[in-house]
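So the structure is just underneath, and the comments pick up after that.
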Amino acid sequence: MSKADFFLQLRTRLRGLPPEEQENILGVYEDLFRQAEAGGKSEEEIIRSLGFIPVPVEQSPRAHNHRPYPPAGGGLRPFAAACALLLFNLIFALAPFVAIASLLFSFSLVAVLFAFSLVWVIIGTGIPPTLEVLLLEVFATMTLSGIGVLLGAAMWKLNIAFWSLVKRYIALNLRLVRGD
């Protein structure tokens, strides 16, 4: 490996550090090279003495789309991204979230009330005076109970899907703030 190759790989490995840190590190290695060359060492000997292990192209961080260090200026960018996402979520995402969550809650509550309507009708009204009224109440409450059970099953699936979607949206927001 030549000196030029060494510095090329070193620059690749330092990618992601702030520019002033990169320049400081490169300056230190250039000084080491100058001193060792003045001492009569070859480029190969200097690189070996530094303990530098060359990375093949297929194992380099760029080949795996991996950043070895956090991006430069990491303090302000995540803060700005978090502020922008907060503003976006308050303006565009909060109202639909509250509306959909309220609808799911109210339909789930209606499903529970319908499912137990037979019990509440019998407790609340007692035994009706005539057989026709009793049959009408039993038929109506059985119909409501059936609708409640079906609506409850549908609301169960919709609630699971909705909260799964909310979790994925939160994970997306976190990835955007981190810059992944």
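The values are calculated or read from the model by the stated rules, or taken from the named source; none is laboratory data. These numbers were taken from a predicted model, which means no experiment stands behind them. Using ideal geometry, Cβ is built from the backbone for each residue, glycine included, and neighbour counts are taken over all protein chains shown. Side chains are part of the model used for accessible areas, which takes the heavy atoms of the whole protein and leaves out ligands, DNA and RNA. Shrake-Rupley method; radii C 1.70, N 1.55, O 1.52, S 1.80 Å.
If the chain between Glu132 and Phe7 were fully stretched, how many nm would it gain, using 0.36 nm times the residue separation less the Cα-Cα distance?
On the way: separation 125, 0.36 × 125 = 45.00 nm, distance 9.52 nm.
Gain on stretching Glu132 to Phe7: 35.5 nm.
Computed packing ranks the peptides 149-156, 79-86 as 149-156, 79-86, most packed first, by mean other Cβ atoms within 10 Å.
Only lysines eight or more places from Lys3 in sequence, or on another chain, were considered; those with a Cα closer than 20 Å are Lys41. Peptide packing for 138-148, 17-27 was compared via the average number of neighbouring C-beta atoms within 10 Å per residue; ordered from the highest value, the list is 138-148, 17-27. The candidate values are [x] 15.4, 47; [y] 34.1, 116; [z] 20.2, 65; the one derived from this structure for Rg and Dmax of the Cα atoms in Å carries the label [y].
Taking a span of 24 Å or more along the helix axis (Cα atoms) and a mean Kyte-Doolittle hydropathy of at least 1.0 as the rule, the DSSP H helices of the chain that qualify are 94-115, 131-178.
Taking the Cβ of Met1 as the centre, find all other residues whose Cβ is under 11 Å away and add up their charges (Lys, Arg: +1; Asp, Glu: -1). Walk me through the numbers before you get to the answer.
On the way: positive: Lys3, Arg48; negative: Asp5, Glu43, Glu44.
Cβ neighbours under 11 Å give a net charge of -1.
Accessible area per residue of the chain at 1.4 Å probe, in Å²?
Values: 12940 Å² over 180 residues.
Heavy-atom accessible area per residue stands at 72 Å².
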